[in-house]
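Right, one structure below, let's go through it.
The values are calculated or read from the model by the stated rules, or taken from the named source; none is laboratory data. Given the structure is predicted, the values throughout are model-derived calculations rather than measurements. Positions of Cβ are generated from backbone atoms using ideal geometry, with glycine treated the same way; all protein chains shown enter the neighbour counts. Ligands, DNA and RNA are excluded from the accessible area calculation, which covers all protein heavy atoms including side chains. Shrake-Rupley method; radii C 1.70, N 1.55, O 1.52, S 1.80 Å.
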Amino acid sequence: MAQNTPAIDPDLNVHPLNAEFRDVNNVPSEGLVPDRHIPRETPCNNVDKNHLGAKSKKTSTAKSRVSRHGYLGQPGPSHDSRPKLPVQRSPGLLTRFSGALGLSRLSLGQEPSSDRPNSQEYKESREQSEDLNAALQEKEAQIAQLLTESQERTNVHHTEVARIHDQKRQWEHKAKKIQRECDELRRERDETVRGLKIKLRGIEGEKHAVQDKYNAFVRSQQEAEFRQMESGKWTPDDESKITGELERLRREVKSLAKGIAMKNIVVALNDNRLPPGLSTAKSPSLLLNALLSHAVYTSFFSSPFFFLSGGLRTDLDGNGVEKILDEIYQAAQESNPHDAHIWRSQTMRLLLPRLGNNVTDGEKALHHCTEAKIAGLSEKQASNFITGPARHLINAETKVDYSKKIKGIYQEAASLSYRLWTRRTAMKFSGLHELEHPAFDIDDPRLAPHTLVQYDEHEDQLRGRPITVVVHPLLEVYGTDEAENYGDARVWVPAEVWLDSKQSEASELR
């Protein structure tokens, strides 16, 4: 085999790594010819017939050599350890491969002949070339598809990377914004803390000032209590407690008048007729309430010495003890109000000593005597009221024991009045005449509309209207328990007034 196989001319340069072949379509009709032709003077008859006769065997051997060593004698990976260069795909690869196949035949000692296209070997080589071309086209299609898919994945990857970068930029922007907001909140917090600290220092200063005032007030109260203890151990009640007791007395009078008043008017007033608006079913209770309140306040709150009208132990003819003491009290107020109120307070305390330890028999006897005078006078005044003009407004068929209830109200009012007169404050009550027929003004703290006055419906029309009835008198207090500031008045009980709101409706209709 080595004798019959000529050596490959190195000038042919048919190694697959750098071979350049002509296109099989450009091969002459006389056979495949390489770029460097074999000399034409070599006769075909010089070729060994045995060699030509063994064409099929040699072709098979060449095919097997191509299959084992690679195309065109390229050494396989098991025989050559040289690094392979990447094969560049080109449109003429199959053509060059066919040219290389023709050269391989020349290298085996074959001579191109004019009848080669019709030979069986050429057909097989042609079929093999077509199969390889089809396989190559299929591979190229697969490669193109893979390249397309790779490009699509790359595009998706680039899109995803761009989206991630965009999100990153957005989050960075949000993070910077949040950081700025946090910085702003920290600045506001610091400013708020500084402001609160300044306010706290101011509040602490005010607290110390209030604490000093409170300590001074406590000391003054303690000193006043010590003085009161030294002057008979009289401790005045708080004004809130006093106003509560007076309000309870007002509600009791109103409730009793509503329960025992008659339903029909049987009296005539003001030129044989009632004032306008007092001809309703609720008018008797309103008038009875006004009469009872006025009688109670006149009996016990107009004079501190009300219980001495009949004398203390002996009955005096003419001006009683009450009137004499009242004249002294009024004259002293014109001269020295401070000493006059102290004298009145001390006299009231002296006539009703407090019972307790270390009390003499004389003090006990005087205490019981004064209490008896107060109880006797209150019962007498209650009886006079029941038998007086108010009886025409009381329902005789009522099942309520109104006589007992009226006497209880008088007794309660007398005891409360005496206790208030022992204080160094001064009291003054005012009815309709003492108020000198005032006009109605809701902003006046001394006046309060009765529940029958529809003030909410006629607010503008009632303002400035004359008051018709004072249902409950006005009670004011002057001065303090230290016998000072008698020029300042405070309202303990406002005057409850009534005026006809229907007249305002008539004026609106006109």
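Six or more apart or on different chains, Cβ under 7 Å: which pairs go from a residue in the range 236-258 that's within 24 Å of Asn395 (Cα to Cα) to one that's basic (Lys, Arg) and open to solvent by 20 Å² or more (accessible area, probe 1.4 Å)? Could you list them?
Cβ pairs passing all conditions: Leu256/Lys405.
Looking only at the range 418-433, how many residues end up being out of contact with any strand residue (DSSP E or B) (no Cβ under 8 Å at 6 or more places or on another chain) and in contact (Cβ under 8 Å) with a residue 40 or more places away in the chain?
Within the range 418-433, residues that are out of contact with any strand residue (DSSP E or B) (no Cβ under 8 Å at 6 or more places or on another chain) and in contact (Cβ under 8 Å) with a residue 40 or more places away in the chain number 5.
It is to be established whether one or more residues within the range 342-352 are touching a residue at least 60 places away in the same chain (Cβ under 8 Å), part of a helix (DSSP H, G or I) and either closer than 17 Å to Glu252 by Cβ or among the acidic types (Asp, Glu) (or both).
no
Evaluate the following for Ala375: is it part of a helix (DSSP H, G or I), over 30 Å from Gln333 (Cβ atoms), in contact (Cβ under 8 Å) with a residue 12 or more places away in the chain and out of contact with any strand residue (DSSP E or B) (no Cβ under 7 Å at 6 or more places or on another chain)?
For Ala375, the condition - part of a helix (DSSP H, G or I), over 30 Å from Gln333 (Cβ atoms), in contact (Cβ under 8 Å) with a residue 12 or more places away in the chain and out of contact with any strand residue (DSSP E or B) (no Cβ under 7 Å at 6 or more places or on another chain) - is not met.
From the list Ala382, Ala414, Ala448, pick out the single residue that is within 17 Å of Ser293 (Cβ to Cβ) and outside any helix (DSSP H, G or I).
Values: Ala382 fails: outside any helix (DSSP H, G or I); Ala414 fails: outside any helix (DSSP H, G or I).
Every option except Ala448 fails the conditions.
I'm trying to understand the selection: among the residues of the range 393-423, which are farther than 30 Å from Gly479 by Cβ and charged (D, E, K, R)?
Residues satisfying the conditions are Glu397, Lys399, Asp401, Lys404, Lys405, Lys407.
From the list Pro353, Pro389, pick out the single residue that is at pLDDT below 90 and in contact with a Ser or Thr (Cβ under 9 Å, 6 or more places away or on another chain).
Values: Pro389 fails: in contact with a Ser or Thr (Cβ under 9 Å, 6 or more places away or on another chain).
Among Pro353, Pro389, only Pro353 is at pLDDT below 90 and in contact with a Ser or Thr (Cβ under 9 Å, 6 or more places away or on another chain).
I'd like to verify a number: residues in the range 399-414 that are open to solvent by less than 30 Å² (accessible area, probe 1.4 Å) and either within 11 Å of Gly259 (Cα to Cα) or not aromatic (Phe, Trp, Tyr) (or both), how many?
4
Looking at (1) surrounded by fewer than 14 Cβ atoms within 10 Å (Cβ to Cβ); (2) at pLDDT 90 or above, can you tell me which one Arg419 breaks?
(1)
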